[in-house]
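Heads up, the thing below is written out as structure tokens.
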Amino acid sequence: MSKAARERSARERLAAERKRQAAREKQRRLLAIVLGSVVAVAVIVVATVLVIDQKNKNGRAEPHKGALAPLSRQDDGSIVMAKAGVTKPELEIFEDFQCPICKQFEASTGETVEKLALEGKVKVVYRPFHLFGQQKDPIRINSLRSAEAALCVPADKWISYHDALFKFQPAEGEKGFSPDDLVKWGKDVGVTDPNFEKCVRDEQKKSQVDAMTKYALQDRGVDGTPTVFLNGQKLDSGQFMNPAGLRAAIEAAGAAGK
């Protein structure tokens, strides 16, 4: 190889190496940009979650929006939601306001339950109780205080307050459902009964919660929440956690009862 050829080959190798270095540098810059973007997005997401969480903890309960079937309270403390004259099918919902799965049930299926009652296709009976009586605090006291407060609320404000309790449900193991908050949320949703605050703070409904808990655990054999019965038959979670599945079961029960 001539001297000129060797020099040309060396220049070509040097140019190729510089090109490869430039490409590697470009990749490093792109990677830095991508990683920076990912970190920025992560920071925004975390900040948003924290803001929402803080808003939920310190926020305002909202009255229910939209039409509902009439609500009434039975002597045992349970709440009935049904149009006049509708007695069957009957959907019973046993729930604890400290129960995370109950919160999921309300988020996924609660609106369907309300619509079916409004359509006159089902009589709904809400049966709140104190499932976590054997747990340590704060789970135990969160469960008890929320159930007691729910029974202090007038029937016509039940859905609004019920939804607020699930909205502000403390994470398992965290303190929550303080008397101050329970009173505030009642006022937020329109409770004007002058006895409401005293009812909450003095735990005036404890004996009734105890009776409803005994009924759930001993008389009906409830061993977890949510537990849902349709005409006395326990539904599996695949039915009641699925809005379409629950609607189908209720409509089938209604058709069979005609």
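What to note about this one:
- Summed over the residues of the range 59-175 and divided among them, the accessible surface reaches 41 Å² per residue at a probe radius of 1.4 Å.
- Mean-position separation - Cα centroids, the range 99-155 and the range 204-258, in angstrom: 11
- Cβ-placed point charges (K, R +1; D, E -1), dipole of the range 85-150 about Cα centre in debye, nearest 20: 100
- Peptide packing for 191-201, 158-168 was compared via the average number of neighbouring C-beta atoms within 10 Å per residue; ordered from the highest value, the list is 158-168, 191-201.
- Counted by Cβ distance under 14 Å from Phe94, the other residues give a net charge of -4, where Lys and Arg count +1 and Asp and Glu count -1.
- Ranked by how many other beta carbons lie within 10 Å on average, peptides 213-224, 113-124, 86-97 from highest: 86-97, 113-124, 213-224
- When each of the peptides 173-185, 135-147 is scored by the mean number of other C-beta atoms lying within 10 Å of its residues, the order from highest to lowest reads 135-147, 173-185.
The values are calculated or read from the model by the stated rules, or taken from the named source; none is laboratory data. These numbers come from a predicted model, not from an experiment. Methodologically, a virtual Cβ is constructed for each residue, glycine included, from the backbone with ideal geometry; neighbour enumeration extends over all protein chains shown. With ligands, DNA and RNA removed, areas are computed over all heavy atoms of the protein, side chains included. Shrake-Rupley method; radii C 1.70, N 1.55, O 1.52, S 1.80 Å.
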